[in-house]
Amino acid sequence: MCGIAGIVDLAGAGPAPDRDALRRQLGALHHRGPDEVGLYRDRHVGLAHTRLSIVDLATGQQPMAGPRGSWLAFNGEIFNFIELRDELIALGHAFRTRSDTEVILHAWDAWGEGAFDRFNGQWAIALWDAPRRRLVLSRDRVGVRPLYYSEAGGRLVFGSEVKAIFAGAPELPRRFDAAGLDETFTFWTVVPPRTVFEGVRELEPGHVRVYDEVGTAGWKVRDEAYWRPDYPGDFTGSLAEATEAVQAALHKATALRMLRADVDVGSYLSGGLDSSIIAALGLAAKGRGFHTFSLRFEDAEYDEGEFQKAMSAHLGTTHHEIVVSRADIANALPDTCRHAERPILRTAPAPMFLLSRLVRDHGIKVVLTGEGADEMFAGYDIFREAAVRRFWARAPKSEARPRLLDKLYPYMARSPVAQRKMAQAFFGRGLERWREPGFGHDTRWKTTAAVKRLLAASVRDVRSPDQAIAELMATLPPELSGWSYLAQDQYLEVRTLMSGYLLSAQGDRMLMGNSVEGRFPFLDREVMALAARLPDSYKLRGLDEKHVLKRVGERCVPEAIRKRPKQPYRAPDALAFVGDGRPGWVDELMSGREAAAAGVFEPAAVETLWEKCKAKADSPQFSNTDNMAVVAVLSTHWVWRTLVKELVVDPPPTVIRTDVDHVGAAG
């Protein structure tokens with residue numbers, strides 16, 4: 001795991017990429033790769049790399065040169081690199097390192113852009129093919145690893161994080177983008193290529209972006225998808241056969257992520273089915289000496305310690321836990337927002353930041369996680385909710401069908417179905433649209449969009465209320481209409497919440513904020529392909545979510561964990577900020593003065609919300625939407641302070657391990 005950045009002269013008039021700007025980019029990404037840094041520079045392109053050494057510790061330095069003059073800066077892991085290297089050796093390629101980085105360079109020479117579809121991994125790549133004057137940016141299938149870029153003033157500036165772009169191009173205006181904020185306060189995230197910053201774009205997952213120099217005409221740019229989600233549903237085997245296939249695919253995926261590392265690999269253990277399966281398979285691959293890490297809460301509503309300890313004891317792991325208080329969440333929010341680089345609507349990323357710190361404090365650089373299981377195998381309540389609403393919509397006057405809503409959200413103290421009449425009124429809206437794409441998500445999107453009532457008119461009036469949803473619907477693939485309703489819901493969940501929030505603001509950023517790499521067996525190429533082939537009933541059987549995965553768990557997870565009611569990961573939200581001992585900055589950020597300076601929210605609306613929060617945050621009168629609104633304001637203002645008002649990054653490095661400078665040389 002690493003950080004990558006770079007600068008490219010697109011105007012062709014020079015000067016060469018500035019060395020000091022590249023060094024500033026290295027400083028901005030220091031947390032992603034504290035082990036060593038490297039630079040490559042010629043008259044056209046500069047590449048910067050910060051390394052977290054995991055594979056080939058001795059000879060895997062970057063940027064790395066290829067056999068025919070290419071240079072590569074790579075963030076991530078290619079888990080099938082040994083198999084690919086064997087293929088390339090059979091084609092006549094010779095290797096000088098044991099790294100997956102070198103395999104990428106040879107794969108590019110052998111297969112060109114076709115190489116990316118062969119990779120099974122998680123990556124963000126910047127490859128400069130100097131002989132062809134071609135820059136290639138690529139990102140993994142579901143966006144595990146981030147990659148941003150900006151084109152302005154005749155230059156391309158790119159990096160693993162937005163702060164690296166701002167550090168490399170201080171002349172670039174640092175401003176929020178109203179459309180990006182609108183998407184965030186609808187979907188919980190922006191949808192690439194848009195970001196929350198003007199002039200900054202995010203490479204879409206599963207895409208490659210190619211810049212070809214065409215002489216005096218400048219550079220030709222093209223974006224292409226090498227992979228798109230597909231849901232053929234063509235698995236014809238029995239449920240028992242599906243269970244065997246999923247078991248085998250997960251075992252292989254976990255073993256690849258466990259054993260393809262030259263450092264110790266641990267595992268997160270939440271106490272739920274997904275992480276328990278992965279921890280069990282990880283231990284099976286390693287054999288012994290396995291470390292597990294758990295997040296607990298002082299608030300009993302959110303705590304899963306009983307199940308975490310039970311699974312650790314069942315496996316016999318060396319177990320570590322951190323117990324997080326409301327004050328801990330508040331104190332962690334500034335770092336959380338600086339690393340997330342976007343507004344968030346829940347505090348859930350903050351405890352994850354503290355958990356990854358626990359991992360690093362115990363000397364572990366890599367952890368397995370269960371992320372992706374709910375998206376691949378239909379585990380979320382939103383899928384069950386959509387199934388109930390569609391069933392109800394087929395007989396809208398039925399009194400029995402809407403009572404199925406009572407089976408949803410049993411773990412929430414303020415469950416949206418606690419009051420039956422209100423629940424039926426809320427979930428019964430728009431039932432006539434049950435055949436339309438997006439129906440399964442509209443309750444979440446409309447609830448989240450209520451936060452936009454706080455926006456300043458200058459931000460709110462830039463777009464119509466439902467424009468974000470309309471624009472997303474306009475980009476849906478034509479084949480979506482042929483998929484099942486569950487598959488459509490899964491696609492939208494992957495496209496929005498999973499890639500943009502769970503794998504980013506709550507995943508990569510919170511892990512890499514403490515220099516820890518996350519590995520996700522459920523997002524293995526083969527596991528995802530198999531899950532997409534399974535019939536809906538193998539995933540969501542009635543209202544029994546992840547049915548086939550529970551059958552897999554029968555072989556390695558105690559019954560008490562397999563059959564426990566689902567409890568999604570959550571954390572205290574507004575309650576984390578209202579105690580007498582809250583940090584002084586909380587009141588500052590929730591003031592009308594701060595709102596006026598940042599220019600995103602209406603000052604009077606923020607002050608009204610804050611007074612309500614202080615008086616009623618622990619009462620039913622303070623709604624889920626109110627909770628989201630408080631976190632949205634606090635996080636937006638922290639992002640404004642650390643990336644817009646001023647840029648908070650580490651200083652440039654003084655020692656550069658790999659330093660290749662061809663400026664002034666021919667070519």
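The values are calculated or read from the model by the stated rules, or taken from the named source; none is laboratory data. No experiment lies behind these values; they were computed from the predicted model shown. Don't worry about glycine lacking a Cβ; one is built from the backbone with ideal geometry, like all the others, and counts go over all protein chains shown.
Only one of (1) of a type in the set (S, T, N, Q); (2) closer than 28 Å to ASN514 by Cβ; (3) assigned to a loop (DSSP other than H, G, I, E, B) fails for SER619. Which number is that? (2) is the only condition that SER619 fails.
Mind checking which helices (runs of 4 or more DSSP H) fall wholly inside the stretch 325-408 and carry at least 3 residues that are under 30 Å from ARG562 (Cβ atoms)? Write out each step before concluding.
Details: elements: 326-340, 349-361, 373-377, 381-393.
It comes to 349-361, 373-377, 381-393.
Residues being on the phi < 0 side of the Ramachandran plot, of a type outside the set (A, V, I, L, M) and either free of Cβ contacts under 8 Å to residues at least 12 places away in the same chain or surrounded by fewer than 16 Cβ atoms within 10 Å (Cβ to Cβ) (or both) are entirely absent from the stretch 277-287.
So which residues in the stretch 31-57 are over 13 Å from PHE158 (Cα atoms) and touching a Gly at 6+ places or on another chain (Cβ under 8 Å)? Spell out the reasoning first.
In the first step, residues of the stretch 31-57 are kept if they are over 13 Å from PHE158 (Cα atoms); the result is 31-44, 50-57.
Scanning the stretch 31-57 gives HIS31, ARG32, GLY33, LEU39, TYR40, ASP42, ARG43, THR50, ARG51, LEU52, SER53.
Of the residues screened, THR236 is not one that is under 30 Å from GLU83 (Cα atoms) and either basic (Lys, Arg) or buried (at least 17 other Cβ atoms within 10 Å of the Cβ) (or both). Residue pairs whose Cβ atoms lie under 7 Å apart, sitting 6 or more positions apart in sequence or on different chains, and linking a residue in the stretch 423-440 that is surrounded by 16 or more Cβ atoms within 10 Å (Cβ to Cβ) to a partner that is modelled with pLDDT under 85 and outside any helix (DSSP H, G or I), are ALA423/PRO416; ALA423/VAL417.
For every residue, the table says whether it meets (1) buried (at least 19 other Cβ atoms within 10 Å of the Cβ); (2) within 30 Å of ALA249 (Cα to Cα).
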position: GLU151; (1), (2): no, no
position: ARG155; (1), (2): yes, no
position: ASP182; (1), (2): yes, no
position: VAL191; (1), (2): yes, yes
position: PRO205; (1), (2): yes, yes
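A Cβ distance below 8 Å, combined with a sequence gap of six or more or placement on separate chains, defines the contacts here; from the stretch 547-563, residues that are touching a residue at least 40 places away in the same chain (Cβ under 8 Å) reach residues that are small (Gly, Ala, Ser) and not in a helix (DSSP H, G or I) in the pairs LEU549/GLY379; ILE561/GLY271; ILE561/GLY272. If you go through the stretch 565-581 and keep only what is surrounded by 16 or more Cβ atoms within 10 Å (Cβ to Cβ) and more than 26 Å from the chain's Cα centre (by Cα), you end up with just VAL578.
Look at HIS30 and say whether it is surrounded by fewer than 20 Cβ atoms within 10 Å (Cβ to Cβ) and either in contact with a strand residue (DSSP E or B) (Cβ under 8 Å, 6 or more places away or on another chain) or among the hydroxyl-bearing types (Ser, Thr, Tyr) (or both). Before you say what the answer is, go through the steps one by one.
Values: surrounded by fewer than 20 Cβ atoms within 10 Å (Cβ to Cβ): yes; either in contact with a strand residue (DSSP E or B) (Cβ under 8 Å, 6 or more places away or on another chain) or among the hydroxyl-bearing types (Ser, Thr, Tyr) (or both): yes.
Answer is yes for this residue.
Where strands (runs of 3 or more DSSP E) fall entirely within the stretch 125-178, those with at least 2 residues that are within 17 Å of GLU213 (Cα to Cα) and modelled with pLDDT of 95 or more are at 134-139, 155-159. Restricting attention to the stretch 582-596, the residues that are of a type in the set (A, V, I, L, M), in contact (Cβ under 8 Å) with a residue 40 or more places away in the chain and surrounded by fewer than 17 Cβ atoms within 10 Å (Cβ to Cβ) add up to 0. Where helices (runs of 4 or more DSSP H) sit wholly within the stretch 502-584, those with at least 1 residues that are at pLDDT below 95 occupy 559-562. Hey, any hits in the stretch 244-260 for a residue that's of a type in the set (Gly, Ala, Ser), at pLDDT below 95 and farther than 26 Å from SER537 by Cβ? No: the stretch 244-260 contains no residue that is of a type in the set (Gly, Ala, Ser), at pLDDT below 95 and farther than 26 Å from SER537 by Cβ.
Residues that are part of a helix (DSSP H, G or I) and touching a residue at least 40 places away in the same chain (Cβ under 8 Å) were ranked within the stretch 288-324; the one that is farthest from GLY579 (Cα to Cα) is HIS314. Within the set ALA348, ALA456, the sole residue that is more than 28 Å from VAL527 (Cα to Cα) and not assigned by TED's automatic domain parsing to the domain that holds THR184 turns out to be ALA456. The residue list TRP128, TRP123, TRP188 contains one member that is aromatic (Phe, Trp, Tyr) and without any contact (Cβ under 8 Å) to a residue 60 or more places away in the chain, which is TRP123.
Results for (1) over 19 Å from the mean Cα position of the chain (by Cα); (2) surrounded by fewer than 23 Cβ atoms within 10 Å (Cβ to Cβ); (3) within 23 Å of ASN627 (Cβ to Cβ), shown as yes or no for each residue.
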position	(1), (2), (3)
PRO343	no, no, yes
PRO349	no, no, yes
ARG357	no, yes, no
ILE364	yes, yes, no
LEU368	no, no, no
GLU375	no, no, no
VAL388	yes, yes, no
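Please specify each residue of the stretch 43-61 satisfying the condition of being modelled with pLDDT under 95 and either over 16 Å from TRP123 (Cα atoms) or more than 24 Å from the chain's Cα centre (by Cα) (or both). ARG43, HIS44, ASP56, LEU57, ALA58, THR59, GLY60, GLN61 - these are the residues of the stretch 43-61 that are modelled with pLDDT under 95 and either over 16 Å from TRP123 (Cα atoms) or more than 24 Å from the chain's Cα centre (by Cα) (or both).
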